[in-house]
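Here is the structure we will look at, set down as structure tokens.
The values are calculated or read from the model by the stated rules, or taken from the named source; none is laboratory data. Just so we're clear, the structure is a prediction, and the values are computed from it rather than from any experiment. In this analysis, Cβ positions are derived from the backbone assuming ideal geometry, glycine residues included, and neighbour counts consider all displayed protein chains. All accessible areas refer to the heavy atoms of the entire protein, side chains included, with ligands and DNA or RNA removed. Shrake-Rupley method; radii C 1.70, N 1.55, O 1.52, S 1.80 Å.
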Amino acid sequence: MRPLNPLLHSELRLAVMSLLVSVGEADFVYLRKQTGATAGNLSVQIDKLSKAGYIEVTKSFVGKRTNTSCRLTKEGMAAFEEYVEAIKEYLTAPSRPPRGEEKG
């Protein structure tokens with residue numbers, strides 16, 4: 001079985017990626033509300049995804065307020081799809097009895 005991508009295996013980073021897969025692009029406030037994360041934690045996780053090239057972060061102003069928007073990149077989509085396929089492999093792996101309970 002292929003290993004699970006440790007960058008995507010984090011609960012919050014996986015939630016951000018999953019949301020972006022479904023909506024395409026989202027602002028920071030939307031992601032914070034949907035994930036229930038604190039602003040500080042979400043900011044750190046977005047930075048990690050951005051540095052990996054999985055998302056593109058755009059900062060702009062809406063009136064006098066800053067607006068941070070995140071968009072999934074092609075690399076991010078490919079990594080997400082590979083992660084999902086790896087999870088499927090684990091879910092469909094033949095079941096084996098626990099150690100010590102083998103028949104024979």
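A DSSP coil position with no more than 15 other Cβ atoms inside 10 Å describes the following trypsin sites (Lys or Arg not before Pro) in region 1-82: Lys64.
The gain in end-to-end length when the Val29 to Phe61 segment is fully stretched comes to 10.1 nm, 0.36 nm per residue minus the alpha carbon separation.
Ignoring ligands, DNA and RNA, what percent of the 1.4 Å accessible area of region 22-79 is carbon and sulfur? C and S fraction of accessible area: 51 percent. Dipole orientation for the chain: of the candidates Tyr90, Thr66, Gln34, Thr66 has the Cα lying most toward the positive pole (charges on Cβ; Lys, Arg +1; Asp, Glu -1). Distance between the modelled labels on Glu11 and Ser50, one decimal in nanometres: 2.5 nm (7 Å Cα→Cβ projection). Computed from Cα positions, the angle between helix 74-92 and the longest principal axis of the chain comes to roughly 30 degrees. With both labels modelled 7 Å from their Cα along Cα-to-Cβ, the Asn41 to Arg71 distance reads 2.9 nm.
Which residue, Glu25, Glu56, Glu11, tops the fluctuation ranking in a GNM of the chain built on C-alpha contacts under 10 Å? Judging by the Gaussian network model, the answer is Glu11.
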